[in-house]
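Q: Here's a structure for you.
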Amino acid sequence: MLSRKDKLLLLKVLSLFSVVRGYNLLMIVIAQYLASIYILSPDLPLRQVVFDVNLFIIVIASSLVIAGGYIINNFYDAEKDLINKPRKSMLDRLVSQRFKLSAYFILNFLAVFAASYVSFKAVLFFSAYIFGIWLYSHKLKKIPFLGNFVSATLAITPFFAVFVYYKNFESVIFVHAMFLFLLILVREVIKDLENISGDVAQNYRTVPIIYGVGVSKILIVILLLFTLIPSLLLTFKFDVGYMNYYFAGCIGLFIVFTIILAKSSTRKHFVWLHNILKLIIVVGVFSILLIDVDLVLNRIL
């Protein structure tokens, strides 16, 4: 049996894990490595990529900055989350705001320190990334659409870091990036629809609040139509192995998503739509393995 003190410590660990969204960090690490192996450096030996110390440092630094970003975002959104996510908010509050700020500065310091092992340019890159996340959390997220755009840009920045490292400028990479960016942008607008109550209470100026739910739905449909362009290109034009089935499936899901969106009116509906988008993104991460099935099979056998 755990003592009361041990239970409280366990709850605080779970609280910190909730604040930094440990499951998201794990997915980002996996996505960065899979993208490096199958998309950014397909001609390099697997061992050379996996055991590349510089790549490892870039991935770790990205994770530390993102974890810090979740903390500072949670710090600024504490009151809003009490309305939108009361259960999660109560768990998050087991860790004091002072401790969160201390953890935020420590994580960012460690990220920049780690980046210094790679190069001075890496230090500048991650310093700018840290500042961008803070500026978004403090100011930009309250500006309609600009906040969504910046959030989506920050979300794909870790992949830009490994993209710059490998200096691979093939067009297929930009199409992949555009698909992910637009998908995340749609998710950001859905989140605004999901969190209207808390945003209104905290005087946030999001697209649904300023222009209404109807306009937000139209914006989402327009963004999905734009997302069809990279989906079709990756399905029919570029050689992405069996991953083309994933993009073809996404086209069908976008149609279903649009039908559900048209009928959605409550927070529960928008949460479902948000979860569908998260599922598409997670499945997409592991679908990268389908680009070169032979490489996977050779490693298993």
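The values are calculated or read from the model by the stated rules, or taken from the named source; none is laboratory data. This structure is a prediction, so every number in the text was calculated from the model and none was measured. Ideal geometry is used to build each Cβ from the backbone, glycine not excepted, and the neighbour counts take in all protein chains shown.
Q: So which pairs qualify, if the first residue must be in region 163-175 and without any contact (Cβ under 8 Å) to a residue 24 or more places away in the chain and more than 23 Å from L232 (Cβ to Cβ), the second must be among the basic types (K, R) and loosely packed, with under 14 Cβ neighbours inside 10 Å, the Cβ gap must be under 6 Å, and the two must be at least 6 apart or on different chains?
A: The qualifying pairs do not exist here.
Q: Among (1) charged (D, E, K, R); (2) buried (at least 22 other Cβ atoms within 10 Å of the Cβ); (3) within 20 Å of L34 (Cβ to Cβ), which single condition is K141 missing?
A: (3)
Q: Condition check: touching a Ser or Thr at 6+ places or on another chain (Cβ under 8 Å), of a type in the set (V, I, T), assigned to a helix (DSSP H, G or I) and surrounded by fewer than 22 Cβ atoms within 10 Å (Cβ to Cβ). Does V150 satisfy that?
A: When the stated conditions are applied, V150 does not pass them.
Q: Being under 19 Å from I66 (Cα atoms), in a helix (DSSP H, G or I) and modelled with pLDDT under 90 narrows it down to one residue among V164, V200; which is it?
A: Working: V200 fails: under 19 Å from I66 (Cα atoms).
When all the criteria are applied, what remains is V164.
Q: Further, regarding this structure: Going through region 21-36 one residue at a time, which ones are β-branched (V, I, T) and free of Cβ contacts under 8 Å to residues at least 60 places away in the same chain?
A: Once the filter is applied, which keeps residues that are β-branched (V, I, T) and free of Cβ contacts under 8 Å to residues at least 60 places away in the same chain, region 21-36 yields only V29.
Q: I've got another one for you. Can you name the residue in region 208-242 that is of a type in the set (G, A, S) and in a helix (DSSP H, G or I) and, of all such residues, is surrounded by the fewest Cβ atoms within 10 Å (Cβ to Cβ)? It would help to see each step written out before you state the result.
A: We begin by selecting, within region 208-242, every residue of a type in the set (G, A, S); these are 212, 214, 216, 231, 241.
Subsequent filtering for residues that are in a helix (DSSP H, G or I) retains 214, 216, 231, 241.
Numbers: G214: 9, S216: 24, S231: 25, G241: 16.
If we take residues in region 208-242 being of a type in the set (G, A, S) and in a helix (DSSP H, G or I), then G214 is surrounded by the fewest Cβ atoms within 10 Å (Cβ to Cβ).
Q: Evaluate region 117-126: report whether one residue or more is within 24 Å of L183 (Cβ to Cβ), over 16 Å from the mean Cα position of the chain (by Cα) and outside any helix (DSSP H, G or I).
A: no
Q: Take F159 and decide whether it is assigned to a helix (DSSP H, G or I), assigned by TED's automatic domain parsing to the domain that holds I28, surrounded by 17 or more Cβ atoms within 10 Å (Cβ to Cβ) and aromatic (F, W, Y).
A: On the way: assigned to a helix (DSSP H, G or I): yes; assigned by TED's automatic domain parsing to the domain that holds I28: yes; surrounded by 17 or more Cβ atoms within 10 Å (Cβ to Cβ): yes; aromatic (F, W, Y): yes.
Yes: the conditions hold for F159.
Q: Out of curiosity, is G241 touching a helix residue (DSSP H, G or I) at 6+ places or on another chain (Cβ under 6 Å) and either of a type in the set (K, R) or outside the structural domain of K85 (by TED's automatic domain parsing) (or both)? Explain how you work it out, then say what you get.
A: On the way: touching a helix residue (DSSP H, G or I) at 6+ places or on another chain (Cβ under 6 Å): yes; either of a type in the set (K, R) or outside the structural domain of K85 (by TED's automatic domain parsing) (or both): yes.
In short, yes.
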